[in-house]
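Worksheet: the structure to be examined is printed underneath.
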């Protein structure tokens with residue numbers, strides 16, 4: 001009996017001397033990695049969108065805008081173990097020496113806190129990212145990718161230059177502080193002249209681009225041609241020179257339409273400027289809407305349209321999900337609710353109503369600006385979030 005107890009004690013002590021193995025079920029590990037990747041993706045997206053929304057609010061109030069780079073997310077869990085062992089005396093009968101029965105205690109604690117870097121851009125990156133006009137190939141990509149074209153023209157384009165068959169040039173400038181009441185005919189301002197020109201241009205280019213309009217060999221050479229619509233003479237695209245960056249160009253009948261593009265900072269300031277006039281008149285805790293409409297999400301033809309951008313004050317957390325939320329000047333604001341619908345025509349009520357709330361396009365504006373922000377940065381500034389597990 002004494003030998004048996006001694007053997008048990010030795011076995012327990014040997015177990016205490018070795019560190020516990022770290023074993024994980026494969027399926028559980030896969031779920032953990034997937035959940036972590038999704039959580040980091042959500043955190044990264046919320047951080048970028050919140051920065052854009054914050055700068056839009058600053059632009060509304062004519063305050064300076066600031067831009068920061070977020071260089072990925074790392075999560076390195078650390079493990080801490082505490083273990084103890086002891087042998088308590090147990091009498092084994094009269095005249096026998098007491099032997100003990102061991103007790104073993106092990107505690108494992110995991111400490112983890114994601115680390116990330118948020119830092120200002122250097123001067124070169126800031127200039128390229130925020131203040132230089134958007135590259136024409138970026139606009140061409142979005143134009144051909146199925147994005148709402150009215151949204152692209154209103155947000156990305158600073159001016160439209162239209163040259164007629166006689167060579168007369170007319171310039172339409174996109175000035176947000178002169179856009180009111182969604183630009184009906186009675187409003188005579190520079191900004192509303194631009195908006196009406198945009199809508200007329202979209203009507204002219206609503207059809208499929210004309211086949212054969214671009215002649216790769218004998219057409220008139222034009223740099224920056226994106227699409228043609230029944231041109232009076234064929235055109236052919238030519239490459240830009242080393243020092244040249246051609247603006248997007250559209251031959252429409254006998255008219256040549258050239259687009260001058262904005263910088264990213266201009267897009268943000270423009271969106272904030274559109275909100276200013278409405279925010280002066282909005283009721284307390286009521287949504288603030290731009291006085292300019294685009295076609296509603298999921299509707300063919302657009303109906304009355306919805307505001308280009310819409311900010312909702314948030315008194316509490318609520319149940320609604322938004323693409324961006326931010327604390328600003330002592331209040332909390334949100335923009336870009338989730339909108340999931342596909343409607344052939346507008347209805348008087350319900351999800352297919354052509355209302356500001358049912359067709360909110362703010363998430364599209366946030367997504368467009370966030371993507372351009374990423375495209376304009378250096379590769380080091382937009383590294384994908386990563387997880388490093390150190391055990």
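Laboratory data are not the source of any read-out in this text; all were calculated from the coordinates shown. Not measured: the values here are computed from a predicted model. Methodologically, a virtual Cβ is constructed for each residue, glycine included, from the backbone with ideal geometry; neighbour enumeration extends over all protein chains shown.
Computed quantities for the displayed model
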item: DSSP bridge orientation in region 204-318 - percent antiparallel, rounded to nearest 5; result: 55 percent
item: Residue order, fewest to most beta carbons within 10 Å, for 321, 44; result: 321, 44
item: Relative packing of 129-141, 27-39, which averages over residues the other C-beta atoms within 10 Å, highest first; result: 129-141, 27-39
item: Cα gyration tensor, region 135-262 - rounded (a/c under 1.5), prolate or oblate; result: prolate
item: Taking 300, 196 and counting other C-beta atoms within 10 Å, the order from fewest to most; result: 300, 196
item: Gyration tensor verdict on region 249-367 (Cα atoms; rounded if a/c is under 1.5, prolate if a/b is larger than b/c, oblate otherwise); result: oblate
item: Cα gyration tensor, region 254-313 - rounded (a/c under 1.5), prolate or oblate; result: oblate
item: Peptides 152-165, 276-289 ordered by average Cβ neighbours within 10 Å, highest first; result: 152-165, 276-289
item: Separation between Cα centres of region 138-179 and region 262-302, rounded to whole Å; result: 18 Å
item: Region 135-262 - share of DSSP beta bridges that are antiparallel (%, nearest 5); result: 70 percent
item: Sequence of 170, 228 once ranked by neighbouring C-beta atoms within 10 Å, starting from the fewest; result: 170, 228
item: Relative packing of peptides 331-340, 235-244 - highest average C-beta neighbours within 10 Å first; result: 331-340, 235-244
